[in-house]
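The values are calculated or read from the model by the stated rules, or taken from the named source; none is laboratory data. Only a predicted model underlies this, so the values are computations on that prediction, with no experimental measurement involved. All Cβ positions, glycine included, derive from the backbone under ideal geometry; neighbour counts span all protein chains shown. The accessibility values were calculated without ligands, DNA or RNA, using every heavy atom of the protein model including side chains. Shrake-Rupley method; radii C 1.70, N 1.55, O 1.52, S 1.80 Å.
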Amino acid sequence: MPLSRRNVLGAALLAGTATLLPARAHAASDRVEALIARMTLAEKAGQLSCFNDEVRPVGAVFNPVVDPRGGEAMLADIRAGRIGMLFNGYGVAGARRAQEAALAGRLRIPLVFAADVLHGCRTIFPIPLAEAAAFDADLSERAARAVACETAAGGLHWTFAPMVDVARDQRWGRVAEGAGEDVLLNRLLAAARVRGFQGSDLRRADALLATPKHFVGYGAVRGGMEYAAVDMSAAELRETFLPPFLDAFAAGAGATMASFTDFGGVPVSANRPLLTDLLRGELGFQGVCVSDYDADRELIAHGIAADEADAARLAILAGIDMSMQSGLFVRHLPALVESGRVPVAAVDQAVRRVLTLKERLGLFNDPFRSIDARAERRETGSVAIKRMARKVATRSIVLLRNDGDLLPLPRAGKRIALIGPFGADKANLNGPWSFAGDAKDGIDVASGLRGVMADPALLTVEAGSGVTEPLPGGTARAVAAAQAADVVLLAIGEGGDMSGEGNSRTEIVVPAAQQALAEAMAATGKPVVVLLRHGRALALSGAVRDAPALLATWFLGEQTGPAVADILFGRVEPTGRLPVSFPLTSGQQPWSYDRRSTGRPPPDDQPMAPGRSHWRDAPDRALYPFGSGMGYTRFALSDLSVPAVVATGADVPVSVMVRNVGKRAGTTLVRIDLHDRVASRTRPVRQMKAFVRVTLAAGETRRIDLRIAARELALVASDGRWRVEPGAFDLWVVAGDGVEMQGAFEVR
Ligand code: GLC
């Protein structure tokens, strides 16, 4: 079953360094040019400035409060043309007030409304990292489309999503926001999420402009520490961190957001080689580049700008089109232009992009597009979006261990003890960036179980511990509950506030109080099923690592309880696979399955061989590497067919027989990894190059045909260009934990 055409298209676009979009700049419309001709410098600076929405605040606070002014003062600034975009407001009524203020301005330029909607607006979906575990671009596109309908109905036009930062250091809290450590999965889901958010026509009332962020390399912060400096080779940038942006831009993304971080000594907000030469010149991106929050002013703290005016100058000249929250453009651009320190052409180019964005969204023709109270009532919390949220949640769950087929549980006849701080808890379902979500709407694990059990009276619930602190008497009560039960479900892991921006952790472990609870549960001798809650891969140990059954359940959002119950009782088979590797210890970070070879790789059967690549206290391996996961049945592979020789530039056809050798129907992910044996640069020890989901009835066998796109064999050579080098490739076909076949071919 060949990969979808989209996937191949996305891959093909990556092959060359040809620009993704027409080389010529989008000629702006006459309306935009006429507006620019009439605008004062102050009005131009206003259009290039965006602020946290104080007219209709969403309630949650996502950023440090900077220069608050209050709703009425904000409306006055809008009327005066000092604001071009508001972000993180919500609700149709407030949007109308703000838009009416904009239309009362001299030039009647409409506002555009944006928000950080990464995984749901009012109905919260699993975090993007969880959704990535479904390995399903079509599902991600449909989920984004459903989210866009609810979001746009809340009076919004633009989302600061998808986050497309490849992340290989699980200490970094923002791993939660993306698609994990693998380049291909990030690329495919970046494009899918852009298509889903934006839909078929940006002028539609349910279209949401997408913003692949944070351009570029944020996931490689030093030590996994939030906001830290980033340094990488040009080849690493082009092979690992840039590709998801290219696929997102090729999918039509209308904006991007510059990263906070220092990149090679120059913060991205002031980095013209990145924001102009690469983003505009080489990639041909024509959309708007918005700064991150107060990031232009942060150039002073970086030690790059002497003062605010200098920071504004550096940012606009580097290629920042919109300044977020600092107000530096409003306060300093007019004087910078008048003094000749910034050419007016640089300002006009940014204004051209912002006004064109508003035009593409149809806001000049209909400033009240997406400001419709009926649509808001119809789309918010609809049955359809809740159903989609539950589907994504169920597909996100990864079964990592199931000794003795302990799972699925019968719906009747078993006494169940649900133990842990996340058993009957609604406060930690959603994870970071849960925009307008309300925790009270969430369905916790206990409620989900009761909704499926034949006799809910057989369920006992004990927290046993707090999230980070022991619970007085909690362990004793939990032990008593466990001893009276037939099976223990242990709902433990990270609290929602331990994940996301500003939440890098040096030790990516289950908090000690919960680990102690897990040890106490193991000591009862009862079978324990760990329901892990997390926004990143964790380094598991002791009774958590050794439990007979382990489900990775991430932050699943509103439908947590029903989804966990669906899987536990076998109403739905677990089909998720890990998008990030679970290490043996935190000290191995950063780590990824596709790390490059070293000159001293240990023998496969001696991972700790003296003098070879490993730590003194750990091998160069993961507990559960990328792609790990199983279902309730088993699969076998046979009859692998790969051509011995492949012409340079040709796709590689791969064919294999897959058999369901279990007693129930099931789905597995058939994945192909490659290793380029000899090349002009060291290559990943293995890296995913194609995958497809396969569903088979019990006992069914099917031949599966995949194609590895030619560009997947390419590397960035020392001259910075992508090319396929002749030579031998190792190939693995994987259909589940321990289910793989190896082959090889030669490119000539
Ligand atoms: C934050 C994040 C960015 C977000 C922006 C606006 O600091 O880095 O992802 O879109 O500010 O909330």
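Side notes on the structure shown:
- Given (1) assigned to a strand (DSSP E or B); (2) on the phi > 0 side of the Ramachandran plot, number of the condition residue 500 does not satisfy: (1)
- Looking only at segment 152-170, and only at residues there that are more than 14 Å from the ligand (Cβ to nearest atom) and over 12 Å from the mean Cα position of the chain (by Cα), the one that is most open to solvent (accessible area, probe 1.4 Å): 168
- Out of 707, 671, one residue alone is assigned to a strand (DSSP E or B) and in contact with a Pro (Cβ under 6 Å, 6 or more places away or on another chain). It is 707.
- Matching entry among 295, 312 (being over 18 Å from residue 86 (Cα atoms) and either within 15 Å of the ligand (Cβ to nearest atom) or crowded, with 24+ Cβ neighbours inside 10 Å (or both)): 312
- Segment 68-92 - residue that is surrounded by 20 or more Cβ atoms within 10 Å (Cβ to Cβ) and on the phi > 0 side of the Ramachandran plot and, of those, farthest from the ligand (Cβ to nearest atom): 81
- Filter pass, residue 381 being touching a helix residue (DSSP H, G or I) at 6+ places or on another chain (Cβ under 8 Å) and among the small types (Gly, Ala, Ser): yes
- Single condition residue 501 does not satisfy, out of (1) within 16 Å of the ligand (Cβ to nearest atom); (2) open to solvent by less than 10 Å² (accessible area, probe 1.4 Å): (2)
- Beta carbons closer than 6 Å, at least 6 apart along the sequence or on distinct chains, pair a first residue in segment 40-58 that is more than 11 Å from residue 351 (Cβ to Cβ) with a second that is of a type in the set (Phe, Trp, Tyr) and within 15 Å of the ligand (Cβ to nearest atom) for 50/87; 58/90.
- Counting the residues of segment 262-285 that are part of a loop (DSSP other than H, G, I, E, B) and buried (at least 20 other Cβ atoms within 10 Å of the Cβ) gives 3.
- Total residues in segment 428-452, condition among the hydrophobic types (A, V, I, L, M, F, W, C) and either in contact with a Lys or Arg (Cβ under 8 Å, 6 or more places away or on another chain) or open to solvent by 10 Å² or more (accessible area, probe 1.4 Å) (or both): 6
- Residue 184 vs. criteria touching a helix residue (DSSP H, G or I) at 6+ places or on another chain (Cβ under 7 Å), away from the ligand (no atom under 16 Å from the Cβ), more than 27 Å from residue 362 (Cα to Cα) and not β-branched (Val, Ile, Thr): no
- Residue check for residue 72: part of a helix (DSSP H, G or I) and either within 18 Å of residue 325 (Cβ to Cβ) or of a type outside the set (Gly, Ala, Ser) (or both): yes
- Out of 297, 272, 280, one residue alone is closer than 26 Å to residue 359 by Cβ and more than 22 Å from the chain's Cα centre (by Cα). It is 280.
- Among the residues of segment 619-645, those identified as surrounded by 15 or more Cβ atoms within 10 Å (Cβ to Cβ) and either at pLDDT below 95 or part of a loop (DSSP other than H, G, I, E, B) (or both) are 620, 621, 625, 626, 627, 628, 629, 631, 632, 633, 634, 642.
- Whenever a residue of segment 383-394 is of a type in the set (Val, Ile, Thr), its partners that are part of a helix (DSSP H, G or I), lying with C-beta atoms within less than 7 angstrom and at least six residues away or across chains, give the pairs 385/146; 385/150; 392/131; 392/139; 392/143; 394/563; 394/566; 394/567.
- Of the helices (runs of 4 or more DSSP H) entirely within segment 510-586, those holding at least 3 residues that are farther than 21 Å from residue 182 by Cα and open to solvent by 10 Å² or more (accessible area, probe 1.4 Å) occupy 512-523, 542-546.
- Subset of segment 187-201 [of a type outside the set (A, V, I, L, M, F, W, C), away from the ligand (no atom under 16 Å from the Cβ) and over 14 Å from residue 241 (Cβ atoms)]: 195, 196, 198, 199, 200, 201
- Just one of (1) among the charged types (D, E, K, R); (2) outside any helix (DSSP H, G or I); (3) in contact (Cβ under 8 Å) with a residue 60 or more places away in the chain fails for residue 142. It is (2).
- Every residue from segment 42-67 that is touching a helix residue (DSSP H, G or I) at 6+ places or on another chain (Cβ under 9 Å), over 15 Å from residue 331 (Cα atoms) and either aromatic (Phe, Trp, Tyr) or not in a strand (DSSP E or B) (or both): 53, 54, 55, 56
- Residue pairs whose Cβ atoms lie under 6 Å apart, sitting 6 or more positions apart in sequence or on different chains, and linking a residue in segment 201-222 that is of a type in the set (Gly, Ala, Ser) to a partner that is crowded, with 24+ Cβ neighbours inside 10 Å and modelled with pLDDT under 95, do not occur here.
- Among the residues of segment 227-259, the ones that are within 22 Å of residue 357 (Cβ to Cβ), part of a loop (DSSP other than H, G, I, E, B) and within 16 Å of the ligand (Cβ to nearest atom) come to 3 in all.
- Members of segment 690-723 found to be basic (Lys, Arg), surrounded by fewer than 18 Cβ atoms within 10 Å (Cβ to Cβ), farther than 19 Å from residue 641 by Cα and touching a residue at least 12 places away in the same chain (Cβ under 8 Å), listed by number: 721
- Check on residue 173, in contact (Cβ under 8 Å) with a residue 40 or more places away in the chain, under 14 Å from the mean Cα position of the chain (by Cα) and either open to solvent by 10 Å² or more (accessible area, probe 1.4 Å) or within 18 Å of residue 247 (Cβ to Cβ) (or both): no
- Residues of segment 724-747 that turn out to be in a loop (DSSP other than H, G, I, E, B) and either in contact (Cβ under 8 Å) with a residue 40 or more places away in the chain or open to solvent by less than 30 Å² (accessible area, probe 1.4 Å) (or both), as a count: 7
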